[in-house]
Amino acid sequence: MAHQADEADEADGETAVLAPGRQGASTLRHGAPPLAIEVVALRKTYRGSKGAAAKEALKGVDLAVPRGSIFGLLGPNGAGKSTLINILAGLVIKSAGQARIWGCDIDVNPRRARRAIGVVPQELNLDAFFTPREVLDIQAGLYGVPKRARRVDEILAAVGLADQADAYARTLSGGMRRRLLVAKALIHEPPVVVLDEPTAGVDVELRRSLWSHMRGLNRQGVTVVLTTHYLEEAEAMCDRIAIIDQGRVVACDDTASLIGRLDEKELTLTLARPLAAVPPALAALGATLDGERRLVLRYRPSRARVGEVLEAVRAHGLAITDLATAEADLEELFLRLTGQGAAADEPALERDARSL
């Protein structure tokens with residue numbers, strides 16, 4: 001049924017694919033699907049050049065991004081994240097598998113799929129001799145947005161570029177150029193926005209401004225997909241996260257559930273008096289000394305409660321003046337799932353595609 005609807009819209013010249021929403025989010029007229037992005041058994045192999053072996057960048061990736069979520073796609077360099085994004089954006093041709101964006105198959109209805117997604121690339125790929133207003137106007141035209149429906153000034157104001165609307169792009173700072181890329185991705189009002197390392201090299205103020213804007217779009221129904229190396233950023237922003245490593249998805253779950261898999265906590269106790277050595281009973285619990293007055297205990301909340309640990313400490317006559325706890329975070333989980341050795345950099349072909 002979905003394919004029949006797609007074909008009908010294709011035959012209609014594709015002029016009714018995306019309708020601007022009153023709250024700033026676009027929706028497909030035939031209704032919103034439960035999944036914003038659906039990827040099944042996706043594979044991509046780059047042919048080797050000059051006698052080099054072929055490189056399999058994606059090895060059967062399955063991924064489901066719920067509609068209306070802020071979804072994090074994490075992984076080390078060369079893991080395949082950019083290859084996946086470029087396939088969704090239509091810049092790289094997949095080797096096998098299926099991919100749907102907002103219910104549109106990228107092979108059956110590539111134009112509809114591309115109109116349903118806006119991508120903010122990692123590279124600052126802007127024409128230096130166009131103004132932000134001209135950039136957005138051209139971008140809107142490429143997506144077939146009628147002039148009367150183009151919200152150029154509104155989007156420029158939303159990303160903080162209203163005062164620079166008629167300045168040449170070459171005169172903009174790095175942060176302003178990053179904002180302009182965000183505006184380009186939003187000008188055709190896609191229901192799905194992908195941000196590839198959007199805060200790399202930007203200042204704290206711009207980062208906060210960007211995330212505030214993304215949260216606002218998400219509240220209006222836009223699905224946001226984020227790739228980043230700032231894991232604390234992903235942990236704070238995303239309600240669901242997938243970790244990809246060497247072309248495979250190694251974990252995908254709600255953020256809290258994902259971090260909860262580690263089942264580890266660290267308890268640091270500051271003692272009233274110096275301690276020369278850890279009592280054997282506490283050493284058996286995994287306690288270690290960090291200086292003469294700091295006792296560090298690592299335990300599993302599923303097996304022991306903090307009260308039980310503290311009772312064991314008091315039973316040895318140790319007076320406590322202060323304590324602090326630390327829970328496992330996304331960074332710890334990421335390192336355990338991906339290891340220290342990242343895959344080799346993705347082929348130059350992919351880097352060239354990202355600059356288009």
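Close amide H partners of residue 68, meaning residues 5 or more places away or on another chain with modelled amide H under 5 Å apart, are 223. Ranked by the mean number of other Cβ atoms within 10 Å per residue, highest first, peptides 272-282, 140-150, 189-199 order as 189-199, 140-150, 272-282. Give me the distance between the Cα centres of the range 194-267 and the range 107-174, rounded to whole Å. Taking the Cα centre of each part, the range 194-267 and the range 107-174 sit 24 Å apart. With a ≥ b ≥ c taken as the square roots of the eigenvalues of the C-alpha gyration tensor of the range 83-137, please select rounded if a/c is under 1.5 and otherwise prolate if a/b is larger than b/c or oblate if it is not? The shape class here is prolate. Phi-derived couplings, Karplus 6.51 cos²θ - 1.76 cosθ + 1.60 at θ = phi - 60°, listed residue by residue for the range 309-318: 5, 5, 4, 5, 5, 5, 4, 9, x, 8 Hz, with x used for Gly and Pro.
Amide H contacts of residue 119: 194, each under 5 Å away and 5 or more positions distant or on a separate chain (H built 1.01 Å from N in the peptide plane; Pro and chain starts excluded).
Sorted on the mean count of surrounding Cβ atoms within 10 Å across their residues, most packed first, peptides 56-66, 165-175 read 56-66, 165-175.
In sequence order, the range 149-155 has phi-based couplings of 9, 7, 10, 4, 5, 5, 6 Hz under the Karplus curve 6.51 cos²θ - 1.76 cosθ + 1.60, θ = phi - 60°, and Gly or Pro positions carry x. Please label the shape of the range 69-112 as rounded, prolate or oblate, based on the square roots a ≥ b ≥ c of the eigenvalues of the alpha-carbon gyration tensor (a/c under 1.5 means rounded; beyond that, a/b larger than b/c means prolate, else oblate). It is oblate, given that a/c is not under 1.5 and a/b is not larger than b/c. Legend: translational diffusion of the range 70-214 by Stokes-Einstein, Rh = Kirkwood radius over C-alpha pairs, 10 °C, 1.306 mPa s; D = 99 µm²/s. Remark: the residue 326-residue 123 segment gains 69.5 nm on full extension, using 0.36 nm per residue and subtracting the alpha carbon distance.
Would you please put 321-329, 204-212, 102-110 in order of how densely packed they are, using the mean number of other Cβ atoms within 10 angstrom per residue and starting with the highest?
The most tightly packed comes first, giving 102-110, 204-212, 321-329.
If the segment from residue 337 to residue 266 were pulled out straight at 0.36 nm per residue, it would be longer than the present Cα-Cα gap by 23.6 nm. Between the entries (i) 153; (ii) 186; (iii) 284, the label attached to volume of the Cα convex hull per residue in Å³ calculated for this structure is (ii). Annotation: amide H-H contacts under 5 Å for residue 250 (H modelled 1.01 Å from N, sequence separation of 5 or more, or interchain): 243, 244, 245. Karplus-derived 3J(HN,Hα) values for the range 327-335, using 6.51 cos²θ - 1.76 cosθ + 1.60 with θ = phi - 60°, are 9, 4, 10, 5, 4, 4, 5, 4, 5 Hz; glycine and proline are entered as x. Going by a ≥ b ≥ c, the root eigenvalues of the Cα gyration tensor, does the range 256-312 fall in the rounded group (a/c under 1.5), the prolate group (a/b larger than b/c) or the oblate group? Prolate, since a/c reaches 1.5 and a/b exceeds b/c. Non-local lysine pairs in the chain, meaning eight or more places apart or on different chains, with alpha-carbon distances under 19 Å, amount to 10.
All of the numbers you see were taken from the coordinates with simple rules; none came from a lab. All values derive from a computational prediction rather than experimental measurement. Quick reminder, even Gly has a Cβ in these numbers, built from the backbone with ideal geometry, and neighbours come from all protein chains shown.
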